[in-house]
Amino acid sequence: MATLILQVPDESLVSKVRQACANPKEYDVTKTAGFRNAMEDVKHGRVTTYNTLKDFYKEMGL
């Protein structure tokens, strides 16, 4: 087992750090509302593509 040593300057944060280390949760972006909304935009053709960053800048007037 690996050992990790942290120096936490604020004693009140120690319990929060301990809790965060004890309960790591996987984050699945595909289950977020933002992802679902983005996929709906793709499905309905509400996307814009550019061949180059220069083309994007040109479109934005930069």
If I filter segment 10-32 for residues that are at pLDDT 95 or above, surrounded by 10 or more Cβ atoms within 10 Å (Cβ to Cβ) and not in a loop (DSSP other than H, G, I, E, B), do I get at least one hit? no
Hey, could you check segment 33-51 for residues that are hydrophobic (A, V, I, L, M, F, W, C) and assigned to a helix (DSSP H, G or I) and say which is farthest from the chain's Cα centre (by Cα)? Val42
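The values are calculated or read from the model by the stated rules, or taken from the named source; none is laboratory data. Remember, it's a predicted structure, so these values are computed and weren't measured experimentally. Glycine gets a Cβ as well: all are built from the backbone with ideal geometry, and neighbour counts include every protein chain shown.
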